Structure formats: C-alpha cells, structure tokens
Amino acid sequence: MQLTKDQRIFIVSEFKETKSCEQVRRASDEKFPERNSPNKKTVYRTVRTFYEHGSIVNRNKGNSKRRITQITEDDIAIVRQLITGNPRTSVRRNESGLTKTTFHTNLKKDLGVHPYRMQIKH
C-alpha cells in the first residue's frame, strides 16, 4: 500500500530524531494504527529519497502515461514528399528516418491519409 504524505513526513522526521528504523516503525504503529507498519526497506527508501531529492512526494506520479513525441513541420513535409513520390511507401520501411509510429501519425492526423485502405487516385 502506498504511503500517505503525512506518513512520509512522519517517517523522515522520526528517523532524523531516533536514527533507528525499529523505533520509526513502532512510532508509526502508534500514530497511524489504521495503517500497516512500514517495513525496514520502506523507511530507508523514504529517508534516502528525501535526502537525495529534498522532497517526500511520490516522484512516479504522472509518469505512467504514454510519452508524446513532438511532430514538427519538417517531419510532415518529409512524409508528404515520400507519399506523393510513391503512394505505396511502407510505413515500416520508410526512408525518412522517422519511427513507424511517427510516420503513421503524420499520415493519419496531419495528412488525412489512412494507410491500409485502398485509395483510388485520379
């Protein structure tokens, strides 16, 4: 179970006073009886994180989503040039140096071309 902000503050301040993991665990049991006692590794990791980064906040929060890459006008121009030169250009084996996901996103969102569909050009 994830520690609350109050628990983290308590762990760091109690460890600073006592320098003992066991005493921190006992004091935590008394102060937070409804929560499980933090184990030894959790206490040391919380204190180490505080001293290394100067903060007790959860540093993983907000980092779990998918990374979004920046698509530039140059990338769009490269994809447009490749597609107009050869409409059967493979998304996986494109010569642009772009990743296949960036190439595919440019095709669909920016150029309005849907790969994997039969396209008739007049």
Condition first: open to solvent by 70 Å² or more (accessible area, probe 1.4 Å) and either in a helix (DSSP H, G or I) or without any contact (Cβ under 8 Å) to a residue 12 or more places away in the chain (or both). Now tell me which residues in segment 1-27 satisfy that. Lys5, Asp6, Ile9, Lys16, Glu17, Lys19, Glu22, Gln23, Arg26
Within the set of pairs 6+ apart or on separate chains, which have a first residue in segment 29-52 that is within 16 Å of Ile9 (Cβ to Cβ), a second that is assigned to a loop (DSSP other than H, G, I, E, B) and β-branched (Val, Ile, Thr), and C-beta atoms under 8 Å apart? Arg35/Thr4; Thr46/Ile56; Thr49/Ile56; Phe50/Ile56
So Lys41 fits all but one of (1) open to solvent by less than 100 Å² (accessible area, probe 1.4 Å); (2) at pLDDT 90 or above; what number is the exception? (1)
Segment 81-121, subset assigned to a loop (DSSP other than H, G, I, E, B) and polar (S, T, N, Q), residue modelled with the highest pLDDT: Thr99
Can you tell which of Ile78, Ile68 is surrounded by 13 or more Cβ atoms within 10 Å (Cβ to Cβ) and either at pLDDT 80 or above or of a type outside the set (Gly, Ala, Ser) (or both)? Ile78
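The values are calculated or read from the model by the stated rules, or taken from the named source; none is laboratory data. Note that the structure is a prediction, hence the values are computed from the model and not measured. Using ideal geometry, Cβ is built from the backbone for each residue, glycine included, and neighbour counts are taken over all protein chains shown. SASA here: full protein model, heavy atoms, side chains in, ligands and nucleic acids out. Shrake-Rupley method; radii C 1.70, N 1.55, O 1.52, S 1.80 Å.
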